[in-house]
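In what follows, a single structure is set out as structure tokens and then discussed.
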Amino acid sequence: MATMSRLSTPSPTAHASSTFKSGSSQPKILIGFYSGSSFNAKVSSSKLAVRGNHARSGPLVVRCSQVDGNGIPAKRTVLHDLYEKEGQSPWYDNLCRPVTDLLPLIASGVRGVTSNPAIFQKAISSSNAYNDQFRDLVQSGKGIEAAYWELVVKDIQDACKLFESIYDQTDGGDGYVSVEVSPRLADDTKGTVEAAKWLHKVVDRRNVYIKIPATAACVPSIKDVISLGISVNVTLIFSLSRYEAVIDAYLDGLEASGLSDLSKVTSVASFFVSRVDTLVDKKLEKIGSPEALDLRGKAAVAQAALAYKLYQKKFSGPRWEALVKKGAKKQRLLWASTSVKNPAYPDTLYVAPLIGPDTVSTMPDQALQAFIDHGAVSRTIDSNVSEAEGVYNALEKLGVDWSDVGSQLELEGVDSFKKSFDSLLDTLQEKANSLKLVSL
């Protein structure tokens, strides 16, 4: 079995961040300094404040809080180096009101935003910032789900405005804000296409990405939506075989578009990382052999490295070159689910080993803080491809079926988003009832 330096078993003693709590309440952003093992910041009543032990102050920290205000500009961070030196775009995997609290993140080097039903469920259900708009919508006769989409669309539009300059500066390379179609449509090819068209129309921003899940039913939707000239963030990719199908759908869509200039149609493929280790580690622990246990924490990064190899292969050769002549841009790989689920693993495990050109790393608070605090910038994604292949093959020999892993994670991901979506609609209905309003 291949031994791996960059894909080695994560050390339980590695620096693991404990400053971010998943259940934080009001979804606003707090900027402070990370010093050693503690978060040293004080919150002013009206503005975001940066204060702390200046003798030991560290890099920028981002977290949801209960403060208002636009925040303050941040100093240069490793996120700038990540983009300028290695060609990887750091995005933020979160969105909440007021969206102007994203400004310090943009100053710190964040170049885009991703959202999903779970993010909006947390943002809307735990904040009063949406109440006034929601009340007005329901009083005007909007149904609960229609009101939900108006809340979401406003956040997306406002965030798009903040990132518009980055979009312009990079000629549509960065500066995107992603919004996902209803998770209820994960098995509905035609419904997904119609939802994507509708979302694209109502958001009406050049730098919006419409998120479509990479389910078997939605892969054809990706082709159709791309062919209409709508830019897409393909989400919930968990396997190499499904990733290849996603690339082919993008290429098919470009070829079917009939557009003479393809430069404004772009896409990212969101390849999920940490959840792979969560599932595979359980399988390895069940196997229980020393060889199996030694492979814990290695599956996700190994598969991601092979995904990048596939990316390089598919976006080269005669077929791709013919599209490049029409202005086509590569569908960039985006690393999603980059927060560490196992606290024994290094807190940059799903960021640091996946650095490479023409890629995106979208990071929630935990991963973003950790990488800003102690992340190192160097090209790592293709530095150990042969060893990644060794890990991938060794897992197969032990009985880990990669196809089954991908299928199970996809089902779990779709189900999780459906539950978040349904839960939020229930919460909004309760809010409407508390206001003595009745939905249509």
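Taking the condition among the hydrophobic types (A, V, I, L, M, F, W, C), out of contact with any Cys (no Cβ under 9 Å at 6 or more places or on another chain) and in contact (Cβ under 8 Å) with a residue 12 or more places away in the chain, does LEU293 pass?
For LEU293, the condition - among the hydrophobic types (A, V, I, L, M, F, W, C), out of contact with any Cys (no Cβ under 9 Å at 6 or more places or on another chain) and in contact (Cβ under 8 Å) with a residue 12 or more places away in the chain - is not met.
Residues in region 381-419 that are among the hydroxyl-bearing types (Ser, Thr, Tyr) and touching a Lys or Arg at 6+ places or on another chain (Cβ under 8 Å): how many?
Within region 381-419, residues that are among the hydroxyl-bearing types (Ser, Thr, Tyr) and touching a Lys or Arg at 6+ places or on another chain (Cβ under 8 Å) number 1.
Based on what the data block shows, is ALA376 surrounded by fewer than 19 Cβ atoms within 10 Å (Cβ to Cβ) and touching a residue at least 12 places away in the same chain (Cβ under 8 Å)? Break it down into steps so the answer makes sense when it comes.
On the way: surrounded by fewer than 19 Cβ atoms within 10 Å (Cβ to Cβ): yes; touching a residue at least 12 places away in the same chain (Cβ under 8 Å): yes.
Yes.
Name every residue in region 386-440 that is within 21 Å of LYS298 (Cα to Cα), over 29 Å from the mean Cα position of the chain (by Cα) and free of Cβ contacts under 8 Å to residues at least 24 places away in the same chain, in order of residue number.
LYS397
What pairs come out if I take residues in region 310-331 that are assigned to a helix (DSSP H, G or I) and among the charged types (D, E, K, R) and pair them with residues that are surrounded by 19 or more Cβ atoms within 10 Å (Cβ to Cβ) and modelled with pLDDT of 95 or more whose C-beta lies under 6 Å away, six or more apart or interchain?
Close Cβ pairs satisfying both conditions: LYS314/ILE247.
Can you find even one residue in region 119-127 that is hydrophobic (A, V, I, L, M, F, W, C), touching a helix residue (DSSP H, G or I) at 6+ places or on another chain (Cβ under 7 Å) and either over 17 Å from ASN233 (Cα atoms) or not in a strand (DSSP E or B) (or both)?
Checked region 119-127: at least one residue is hydrophobic (A, V, I, L, M, F, W, C), touching a helix residue (DSSP H, G or I) at 6+ places or on another chain (Cβ under 7 Å) and either over 17 Å from ASN233 (Cα atoms) or not in a strand (DSSP E or B) (or both).
Do we find that GLY258 is within 27 Å of ASP188 (Cβ to Cβ), assigned to a loop (DSSP other than H, G, I, E, B) and at pLDDT below 95 in this structure? Steps first, answer last, please.
Numbers: within 27 Å of ASP188 (Cβ to Cβ): yes; assigned to a loop (DSSP other than H, G, I, E, B): yes; at pLDDT below 95: yes.
Yes; evaluated as a whole, the condition is true for this residue.
ASP168 is checked against (1) more than 21 Å from LEU259 (Cβ to Cβ); (2) charged (D, E, K, R); (3) not in a loop (DSSP other than H, G, I, E, B) and fails just one. What number does that condition carry?
(1)
With under 26 Å from GLN88 (Cβ atoms) and under 24 Å from the mean Cα position of the chain (by Cα) as the only criterion, which of ILE124, ILE119 stands out? Write out each step before concluding.
Details: ILE124 fails: under 26 Å from GLN88 (Cβ atoms).
Of the residues listed, the single one that is under 26 Å from GLN88 (Cβ atoms) and under 24 Å from the mean Cα position of the chain (by Cα) is ILE119.
The values are calculated or read from the model by the stated rules, or taken from the named source; none is laboratory data. Since we're looking at a predicted model, the values are computed, not measured. Counting neighbours? That spans all protein chains shown, and the Cβs are built from the backbone with ideal geometry, glycine included.
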